[in-house]
Amino acid sequence: MAADRRNGNRIRHAMGVAALLLCAILVGVVTAVLGVRNQYTAGGVRSGSWQTNANIGSGDAGPYLRAGVAVAGLLALNASETIYYSATADDSGRALSTSCQYRVEGTEPATRWWSITAYADDNFLIRGSNGRYSVDKTSVEKGADGSFAVRVGGEPRAGNWISTGPPDGGHPFSLTLRLYNPDGSIVSDLGGVTLPKIVQEHCS
């Protein structure tokens, strides 16, 4: 009987240690994932709805930021070559959703080339977008003053339109604005540049 009690105590002790180790591993994994996912806002710069991190593509990028870039698939270049802004909410602070229609409007940024691309929550291009997942400097229709308005949503539109696929219950998505060879005034003041507004038009 005494031997059985000792064996039972050892088993319970081993199970307790295993449970503690498992909890520690889970906490570590969750902390690491959150640290990676939050790198674009951590120490980041915001301009309207758009946000970036000044260290993307620089030698000052830490391990979490490097991991975040790898996960998001940005293939980040040096900031003097390309600046990456991302938006997960509209100008009113509401999270971007595939059940809503948006208007992205502004004027051409001072950069050699630019693009706006929609991504699903897993950082991949949105399924069902039928190739209408992006607009850029050469494809967007602009006014004489260089201004443009791009519709973003599941409803097919003529002209400037980025598809978010069918409005299937409202999944989160993000927009990425890439500025290639930006003007020095942008590089030196990432938060001061005027970027396109993101306006929610309606939701289904």
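The values are calculated or read from the model by the stated rules, or taken from the named source; none is laboratory data. Note that the structure is a prediction, hence the values are computed from the model and not measured. Ideal geometry is used to build each Cβ from the backbone, glycine not excepted, and the neighbour counts take in all protein chains shown. Heavy atoms of the whole protein, side chains included, go into the accessibility calculation; ligands, DNA and RNA do not. Shrake-Rupley method; radii C 1.70, N 1.55, O 1.52, S 1.80 Å.
Values for this structure:
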| read-out | value |
| --- | --- |
| Meets criteria (surrounded by 15 or more Cβ atoms within 10 Å (Cβ to Cβ), at pLDDT 95 or above and over 19 Å from Ile83 (Cα atoms)) for Ser163 | yes |
| Selection status of Ile126, of a type in the set (Val, Ile, Thr), modelled with pLDDT under 90 and touching a Phe, Trp or Tyr at 6+ places or on another chain (Cβ under 8 Å) | no |
| Residue list for the range 133-157, filter: open to solvent by 20 Å² or more (accessible area, probe 1.4 Å) and in contact with a Lys or Arg (Cβ under 9 Å, 6 or more places away or on another chain) | Asp136, Lys137, Ala149, Arg151, Pro156, Arg157 |
| Identity of the residue in the range 186-204, open to solvent by 70 Å² or more (accessible area, probe 1.4 Å) and touching a residue at least 60 places away in the same chain (Cβ under 8 Å), that ends up farthest from Tyr85 (Cα to Cα) | Ser204 |
| Test result for Asp121, without any contact (Cβ under 8 Å) to a residue 40 or more places away in the chain and either among the hydrophobic types (A, V, I, L, M, F, W, C) or under 19 Å from Ser86 (Cα atoms) (or both) | no |
